[in-house]
Amino acid sequence: MEQLIDDLIRLAFTEDIGDGDHTTLCCIPPTAMGKSQLIIKENGVLAGVEVAKKVFHRFDPELKIEVFINDGTEVEKGDIVFVVEGKVQSLLQTERLVLNLMQRMSGIATTTRKYVKALEGTNTRVLDTRKTIPGMRMLEKEAVKIGGGVNHRIGLFDMILLKDNHVDFAGGIEQAITRAQSYLKEKGKEGMKIEIEVRNFDELEQAMQVGGIDRIMLDNFNIEDTKEAVRRIAGKFETESSGGITFDTLRDYALCGVDFISVGALTHSVKSLDMSLKAC
């Protein structure tokens with residue numbers, strides 16, 4: 001997974017700098033030295049400091065970074081996160097990429113922390129989804145963890161998740177589950193978890209009768225039906241609620257006893273946290 005982050009940084013520099021940062025190159029001597037500091041401009045949860053280090057060192061290994069606040073810390077407007085020192089040309093050419101990554105990651109961590117706090121006192125954990133910006137997934141999921149959330153599957157390769165379209169194309173709940181089980185056995189991947197999405201109580205009963213699964217996702221169940229579904233499952237399988245759940249109804253679903261609630265909003269529509277890199 002580290003390779004994916006390295007590839008993202010490489011692509012981002014190619015996209016931003018191209019054949020050269022002509023603005024910087026035309027007015028800043030290559031020998032000029034300076035410092036920049038990262039300043040927080042609104043309250044939130046900090047994420048992306050470790051990634052910023054990778055960006056700086058990837059572009060210029062001689063840049064020196066002094067960190068004052070670490071990932072996962074709740075920050076306030078005016079806080080200084082770190083100071084980076086070295087060639088001014090390097091500081092200017094890395095500035096926007098560091099800000100883009102840290103602002104988005106911190107926005108995700110801040111939103112996630114809000115959801116986590118809303119679930120305090122329950123046994124329910126908040127999950128992210130695959131609703132991420134292409135190429136940014138590893139960093140966005142890391143930001144969810146920094147905010148206190150839990151990662152769902154990373155991609156299509158690390159868990160079987162039989163959703164409604166899989167079920168419909170396979171011909172039903174039983175066919176989808178048994179084919180998944182056979183596939184994992186054939187490929188020597190018996191340790192991979194199987195989750196199935198159900199849309200109603202009929203599908204729930206079918207899934208429970210077939211068995212051989214790890215988790216059942218209750219898709220667009222209302223709160224009363226979620227309570228009943230959790231009662232029927234009664235610890236036999238992990239439970240996950242998904243679909244139609246807002247921040248205002250989050251805790252009500254948690255109080256139904258589900259193990260997880262997956263929230264696409266942690267990543268797909270988050271507001272970035274405002275911060276800036278200024279010469280100092």
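The values are calculated or read from the model by the stated rules, or taken from the named source; none is laboratory data. Since this is a predicted model, take the numbers as computed values, not measurements. So basically every Cβ, Gly included, is an ideal-geometry build from the backbone, and we count neighbours across all protein chains shown. For the accessible areas, the whole protein counts, side chains as well, though only heavy atoms, and no ligand, DNA or RNA atoms are used. Shrake-Rupley method; radii C 1.70, N 1.55, O 1.52, S 1.80 Å.
Assorted remarks:
- Tally of residues being among the acidic types (D, E) and farther than 18 Å from S269 by Cβ across segment 93-145: 3
- Scanning segment 109-130 for residues that are assigned to a helix (DSSP H, G or I) and among the charged types (D, E, K, R), we see that the one that is least open to solvent (accessible area, probe 1.4 Å) is R113.
- Counted residues, segment 52-83 - those being of a type outside the set (V, I, T) and closer than 19 Å to M33 by Cα: 12
- Residue in segment 131-151 that is in a strand (DSSP E or B) and closer than 30 Å to V75 by Cβ present: yes
- Neighbours by Cβ (under 7 Å, 6+ apart or cross-chain): first from segment 205-225, over 20 Å from R153 (Cα atoms); second among the acidic types (D, E): Q206/E174; V210/E174; I223/D252
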